[in-house]
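A quick write-up on the structure given underneath.
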Amino acid sequence: MAAKILLVDDDKDLRDSVQEILKPSGYLLVEAADCEKALSLLASEKFDLILLDITLPDKSGFRVLEFLKENHVASKVIVITGTVGFGNEIKSATLGARDYITKPYDPDYLLKSIEHVLSDRSRTNLKLQIIKAGDFIKSTPTGDLDMNASKQGLAQIAATGTDLQDYTILID
């Protein structure tokens with residue numbers, strides 16, 4: 001049986017593109033353009049996976065993550081957002097998100113992330129925080145290393161170190 005996925009994003013073009021990406025894989029996609037619609041759907045239906053934007057017109061996508069946690073809803077979540085920031089990534093993971101993908105994203109990466117999260121091989125211990133080189137190594141539009149942006153990304157990681165006290169393991 002195909003996995004049932006809830007896509008929560010106010011960008012219609014993005015929802016259409018995700019629909020095209022997922023169509024060949026046979027996933028059943030349900031769309032919500034705002035937080036209230038998403039919460040209404042989550043109160044009445046079960047989803048195997050939620051693709052969630054953090055920046056929504058009515059409320060933050062974090063409200064959806066809080067709802068899932070408060071109501072012990074077992075849906076898996078991948079955050080797909082244009083909101084870049086290590087603090088947001090940590091908050092998303094703390095509230096239960098299994099992956100954090102920034103826009104614009106590689107469609108193949110999105111599909112692989114969905115497959116991985118749905119396969120149950122994804123991290124289940126939310127006390128584990130993985131920092132990848134891609135979290136702070138940034139490149140210019142031409143593909144060259146952007147040293148200033150990379151230094152800023154690394155500084156953000158270092159600055160949030162005190163927020164990591166709840167994590168039992170940090171892997172570089």
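The values are calculated or read from the model by the stated rules, or taken from the named source; none is laboratory data. Model, not experiment: these values are computed from the prediction. Here the Cβ positions follow ideal geometry from the backbone for every residue, glycine too, while neighbour counts run over all protein chains shown. What goes into the accessible areas is simple: the full protein's heavy atoms, side chains included, and nothing from ligands, DNA or RNA. Shrake-Rupley method; radii C 1.70, N 1.55, O 1.52, S 1.80 Å.
Counting only residues that are in a loop (DSSP other than H, G, I, E, B) and of a type in the set (Val, Ile, Thr), region 77-93 holds 2 of them. Of all residues in region 1-25, those being open to solvent by less than 40 Å² (accessible area, probe 1.4 Å) and farther than 17 Å from ASP58 by Cα number 8. Of the conditions (1) among the small types (Gly, Ala, Ser); (2) in contact (Cβ under 8 Å) with a residue 40 or more places away in the chain; (3) surrounded by 14 or more Cβ atoms within 10 Å (Cβ to Cβ); (4) more than 15 Å from SER113 (Cα to Cα), ALA33 satisfies every one except a single condition; which number is it? Of the numbered conditions (1) among the small types (Gly, Ala, Ser); (2) in contact (Cβ under 8 Å) with a residue 40 or more places away in the chain; (3) surrounded by 14 or more Cβ atoms within 10 Å (Cβ to Cβ); (4) more than 15 Å from SER113 (Cα to Cα), the odd one out for ALA33 is (2). For region 47-65, the set of residues classified as open to solvent by less than 60 Å² (accessible area, probe 1.4 Å) and not polar (S, T, N, Q) consists of PHE47, LEU49, ILE50, LEU51, LEU52, ASP53, ILE54, LEU56, GLY61, PHE62, VAL64, LEU65, listed by residue number. In region 75-96, is there at least one residue being farther than 20 Å from SER113 by Cα and either modelled with pLDDT of 90 or more or open to solvent by 70 Å² or more (accessible area, probe 1.4 Å) (or both)? Checked against the condition, which is being farther than 20 Å from SER113 by Cα and either modelled with pLDDT of 90 or more or open to solvent by 70 Å² or more (accessible area, probe 1.4 Å) (or both), region 75-96 yields no hits at all. What pairs can you find where one residue is in region 74-85 and farther than 16 Å from ASP48 by Cβ and of a type in the set (S, T, N, Q), the other is outside any strand (DSSP E or B) and at pLDDT below 85, and their Cβ atoms are less than 8 Å apart, with a gap of 6+ or different chains? Correct list of pairs: THR81/ASN88.
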